[in-house]
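Structure record follows, encoded as structure tokens.
Bear in mind that the values in this text are calculations on the coordinates, not laboratory data. Worth saying up front: this structure is predicted, and the values here are computed from it rather than measured. Don't worry about glycine lacking a Cβ; one is built from the backbone with ideal geometry, like all the others, and counts go over all protein chains shown.
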Amino acid sequence: MMKLKVDAIKNGTVIDHIKAGKGLQVADILNLQGNNVVMIGINLNSQKIGKKDIIKIENKELSPEEVNSIALIAPNASLIIIKDYQVNQKNTVELPDFIENIIKCPNPKCITNIEQVSSKFYVIKENEPKVRCHYCEKKYNVNDIQIRI
Ligand SMILES: [Zn+2]
């Protein structure tokens with residue numbers, strides 16, 4: 001069994017099993033400015049996935065939008081909620097079928113970039129997930145899209 005060092009935070013969220021190299025990208029889409037204590041581990045050894053990144057955020061629970069965004073970037077990440085130094089909940093993120101608002105369509109001619117229309121994307125669950133815009137129907141790799149929460 002891998003021993004998780006969760007004693008570093010009293011209350012908050014641990015995002016574990018992020019594929020190595022994606023940790024900073026995950027941290028980037030979360031709103032981590034402010035007073036939250038954040039610890040990011042890069043290239044840690046993991047028995048489960050080889051190398052991994054991990055993020056621990058004190059006093060924060062993730063919104064559904066944030067969880068969906070993490071799922072796009074790190075489809076196999078685990079979310080661990082810590083309460084009073086104990087693991088309160090542990091889940092694996094799941095790619096949603098449909099994502100609203102949080103992706104900016106890269107197509108400048110897309111109606112979502114011209115009018116005040118919120119974006120809607122279908123998630124194509126392949127090995128490297130892709131998304132397809134509901135309005136202009138263009139398909140994008142997750143690495144090519146801008147995520148804004
Ligand atoms: Zn579009």
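Miscellaneous remarks
- For the set 10/60; 10/51; 22/48; 52/90, the pairs lying more than 21 angstrom apart at their alpha carbons are 10/51.
- The C-alpha atoms of the chain define a longest principal axis, and helix 64-73 lies at about 90 degrees to it.
- FRET efficiency for the residue 98 to residue 32 pair, using the beta carbon distance and R₀ = 25 Å, is estimated at 0.45.
- For residue 65, net neighbour charge (Lys/Arg +1, Asp/Glu -1) across residues whose Cβ lies under 12 Å away: -1
- Length added when fully stretched, residue 125-residue 87, from 0.36 nm per residue minus Cα-Cα: 10.7 nm
- Magnitude of the charge dipole, the chain, Cβ model with Lys/Arg +1 and Asp/Glu -1, debye to 20: 360
- Applying 0.36 nm per residue to the separation of residue 40 and residue 146 and subtracting their alpha-carbon distance, the gain on full extension is 36.0 nm.
- The residues neighbouring residue 135, those whose beta-carbon lies less than 15 Å from its own, together hold a net charge of +3 under the Lys/Arg +1, Asp/Glu -1 convention.
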